[in-house]
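This report concerns only the one structure given below.
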Amino acid sequence: MNNGSQARLRFNPLLSPQRSVTPMIPTETLDPTAEGLARAAALLRQGALVAFPTETVYGLGGDARDDLAVARIFEAKGRPRFNPLIVHVPDLEAARRYAVVDARAESVAAAFWPGPLTLVLPLRADSGLSALVTADLDSVAIRVPAHPVAQALLRAFGGPLAAPSANPSGRVSPTRAAHVLEGLSGRIAAVVDGGSCAVGVESTILGLVDAPSLLRPGGIAVEQLEALLGPLPTGGNAHKPNAPGQLASHYAPAAPVRLNATDWEAHEIRVGFGAGRSDLNLSPAADLVEAAANLFHTLREADAKAGPHGKIAFAPIPETGLGRAINDRLRRAAAPRP
Ligand code: AMP
Ligand code: MG
């Protein structure tokens, strides 16, 4: 059995500099008993990842307030982009801590929560959620799952869980613990085995930041939502991706951004990765998980330091593992803007 400090050491990125992928770790299979859930909650508190059943598919859970935990989700799944993740909470009251829930959202929640419906709502300024969870948007996707094991885990953990489907990027969503292990064994701390998922398709995503819109069809039929809200358009802007994961716009720094910088130019804020002179550093130990965890704050901080006439230069980031998602985000920050 592992104790807490061993698990913490195992996940400390600073202890393994220069690596780009988390080393293989033994994945525990936990029963949904009080003891198993307590173990799962303890792992989550250490920033480790635990897959768990929901009524839709198995989710890959990590503490939604912890930048490193959320970075590990992207790493474990091998996601090439930092698309925003759904935050799972036990009830509407918990949702209010992270999102602005108006009367309209409340009536939808009353009708469909707990259940396979995700609501995209305005993010509260004091949410305390990791910027990686929302992809630095000012909205947040929240769901209250109905599955008793998901409910019990959320209550044992006592915080919000970011949880995309527990499969490697591009593979089919898992509906059994065995499927989770096929894809992610050795890459996550544990899976809570709660049997088969009943719904098997992902949650319906309803955008409620402004006019209601359908962002993704899923476990709750569109007709059921339309009975409450009227006809639902589908469509795209920053809060309404045309397809899951495809957000039209992101926070972009005001200052010009130069990538793969190996030298200095005047009036540049230099953002380092690994050793060497820099004004800000994504990860002095050249650890990609740490760099991903720091990415969004660092972009904002560099922009603030650069001021109205300055520029930002990023040191090269390896195009491996999470480096692909980091470079994808940086290329967008550096792209010419209208
Ligand atoms: P999943 O991969 O099942 O966790 O689904 C996540 C999807 O939810 C993303 O790809 C987006 O389409 C949508 N989503 C999550 N958060 C937001 C957000 N803050 N604003 C808009 N869409 C979101
Ligand atoms: Mg998925």
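The values are calculated or read from the model by the stated rules, or taken from the named source; none is laboratory data. Keep in mind that what you see is a predicted model, and the values were worked out from it rather than measured. Counting neighbours? That spans all protein chains shown, and the Cβs are built from the backbone with ideal geometry, glycine included. For accessibility, only protein heavy atoms count, side chains too; no ligands or nucleic acids. Shrake-Rupley method; radii C 1.70, N 1.55, O 1.52, S 1.80 Å.
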The chain - mean residue ellipticity at 222 nm from DSSP helices (-39,500 (n - 2.57) per run, n ≥ 4, rounded to 500): -9000 deg cm²/dmol
Mind listing the long-range amide H neighbours of Gly115? Cut-off is under 5 Å, sequence gap 5 or more, other chains count too, H placed in the peptide plane at 1.01 Å from N. Val144, Ala146
Could you tell me the relative contact order of region 55-164? Use alpha-carbon pairs under 8 Å, at least six residues apart, and round to a whole percent. 43
Please state, as a whole number in µm²/s, the translational diffusion coefficient that the Stokes-Einstein equation yields for region 66-112 at 10 °C and 1.306 mPa s, with Rh defined as the Kirkwood radius across alpha carbon pairs. 124
Would you mind calculating the gained length between Arg300 and Leu228 on full extension (0.36 nm times residue separation, minus the Cα-Cα distance), in nm to one decimal? 22.0 nm
Using Cα pairs closer than 8 Å and at least 6 residues apart in sequence, work out the relative contact order for the chain, in percent. 22
Area accessible to solvent at Arg81, 1.4 Å probe radius, in Å²: 100
For the peptides 290-303, 93-106, what is the packing order when you average, over each peptide's residues, the other Cβ atoms within 10 Å and list the highest mean first? 290-303, 93-106
Taking every DSSP beta bridge that has both residues in the chain, what percent is antiparallel when rounded to the nearest 5? 45
Expressed as a whole number of Å, what is the distance separating the alpha-carbon centroids of region 262-277 and region 30-61? 41
Using per-residue counts of other Cβ atoms within 10 Å, averaged over each peptide, order 48-58, 174-184 from highest down. 48-58, 174-184
Region 274-338: relative contact order in percent, alpha carbon pairs under 8 Å with at least 6 residues between: 24
In region 146-217, if every C-alpha pair distance is counted and binned at 10 Å from zero, what percent goes to each bin? 16, 42, 33, 9, 0
Going by amide H atoms built from the backbone, whose H comes under 5 Å of the H on Leu215, apart from near neighbours? Ile205, Leu206, Gly207
Per its Cα gyration tensor (rounded if a/c is under 1.5, else prolate when a/b beats b/c, else oblate), the chain is best filed as oblate
With θ set to phi - 60°, apply the Karplus curve 6.51 cos²θ - 1.76 cosθ + 1.60 along region 309-319 and write out the HN-Hα couplings as whole Hz, x wherever there is a Gly or Pro. 10, x, 10, 10, 10, 9, 5, x, 10, x, 8
